[in-house]
Every structure is written in C-alpha cells, then in structure tokens.
Amino acid sequence: MNKSHYQQAQFLLSVATVSQLPTDEGVEIAIIGRSNAGKSSVLNQLTQNKKLARVSKTPGRTQLINLFALDEQRRLADLPGYGYAKVPPAMKQRWQALIDTYLRDRECLKGLILVMDIRHPLKAFDQAMLKWSSQCNLAVHILLNKADKLTQSAAYKTLRETTTAVSHYANPITIQTFSALKGKGVKELREQLDAWFCY
Ligand code: GDP
C-alpha cells in the first residue's frame, strides 16, 4: 500500500462536550459504528497506526469524541460507538445529545463514515444515524465491514440490499464492502475521504 495522508494522523484531543472541540474550521470527517462493528479496526487499517485506535479504547475515553489531526486543517473525529442493549438511560441520553449536537452544529463536518457488520446491517443504531444525518443533509459513507466473513456473492447481495434500503434518504449516501481484517476496500475508502478532504 502507498503511504497515505491518513498515516500522518496524530492524536489531538478527547472531548466530552462539543464546546471543548477545536475551532470549527477546516474539514472534519467523523467515524461511528455500533460497538464491535470494527470501528477501531477500520481506523487501524486506514492510518496503519495501532496506537491511534487504542486511544479510543482507553477506559474513560470510549464515551468521548477522540480527534486525530492529519494536518492543521483536516481532522478525523472518532465518535463514541453505541453499546449493547443494556445501557443506563442517563448514559444513553448523554450520548444521544452529544452526537446529535455534534452532527447538527459542526460546520466543518463534511461526511460521516458509518461502520456496520455486514452480517447485521442497518440495526436500530444505524437507522438512527442515517435519519439524523439526512436531517442535517450530511453525506454518509457506509462501510459493510467484516466482508471476509461472507462469500463474495453474499457480500454483494447485502451491498445491493443495503443500497436499496437507504435509497429513500435525500442526503448523499455511498456504500462499499470492507474488511478491516484483510485490508480490503481501503483504496475505495481513501478515495471517498480524499474527496471530502479535498486532497
Ligand atoms: P469496535 O468496537 O467497533 O471498535 O470494533 P473492533 O475494531 O474492536 O472490532 C471488534 C471485533 O471484530 C474484534 O475482535 C476485531 O478483530 C473484529 N473485526 C474487526 N474488523 C473485522 C473484519 O474486517 N473481519 C473480521 N473477521 N473481524 C473483524
């Protein structure tokens, strides 16, 4: 793989509220997914830097927005994932308010990478993210991750079905299959990010 801009990513800071975010300028791309969908593995593949995604897994940081800078004007925002069913309501509300405000108010946010497990696409969490994104007219790029777990034809079938299922949204939505484990789909992901970041 060629060395990419994304390998320059450096941990910037973690924030608990949008008011702590850096000045709203330049371009930010956010990444989100249900826990275990493989968000950290995708970040590892993209940046080729295991240290970065480890930041997001640090106890105490999993509920924060973790920012990684590519340069002065370009950042990746690792949004807190959504855990399994039994989340205390207060935490659920805090999470919802943080994500909702971030998506709604962050002017420099140009796109959202939504990571799903290809075997369980479009769960309630994913539907909520798509709905909020469409309300903000935010572009979304869906990664159907863990494609290595399916045959190629089953993966394409899910790709087609998911594409159809999201076609009613008015905001731009692109979808690809991905395997963070095998490094498959990284080029396509980078092309989408390059377009948003104006590289
Ligand atoms: P996160 O909670 O969304 O950050 O998910 P992780 O990146 O920690 O991944 C959750 C689990 O899925 C780990 O055991 C990973 O090794 C595994 N995983 C992540 N991506 C892939 C993939 O593309 N293929 C397979 N087979 N496993 C994956």
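Annotations
- Extension gain (nm, one decimal) between D71 and K3, 0.36 nm per residue minus Cα-Cα: 23.0 nm
- Across all directions, the average projected area of the convex hull around the alpha carbons of the stretch 84-185 is 7.1 nm².
- Reciprocal mean inverse distance between Cα atoms of the stretch 38-88 - Kirkwood radius, Å: 11.8 Å
- Taking only Cα atoms of the stretch 87-139, radius of gyration then Dmax in Å: 12.0, 33
- Kirkwood's formula applied to the C-alpha pairs of the chain gives a hydrodynamic radius of 16.9 angstrom.
- Taking L21, L114, L193 and counting other C-beta atoms within 10 Å, the order from fewest to most: L21, L193, L114
- With neighbours defined as other Cβ atoms within 10 Å of a residue's Cβ, the residues T17, T162 order from fewest to most as T17, T162.
- Multiplying each eigenvalue of the alpha-carbon gyration tensor of the stretch 4-46 by 5 and taking the square root yields semi-axes of 21, 16, 9 Å, largest first, rounded to whole angstroms.
- Across the stretch 134-189 the C-alpha pair distances fall into 5 Å bins from zero in the proportions 4, 20, 26, 22, 15, 10, 3, 0 percent.
- Whole-number Å³ per residue for the convex hull built on Cα positions in the stretch 12-114: 96 Å³
- Under the criterion of Cα pairs below 8 Å and six or more residues apart, the relative contact order for the stretch 1-61 equals 38 percent.
- Here E188, E107 are placed in order of increasing Cβ neighbour count within 10 Å, fewest first, which gives E107, E188.
Every read-out reported here was derived from the displayed coordinates using simple, explicitly stated rules and does not represent laboratory data. What you see is a predicted model; the values in this text were computed from it and never measured. Note that each Cβ is placed from the backbone with ideal geometry, even for glycine, and that neighbours are counted across all protein chains shown.
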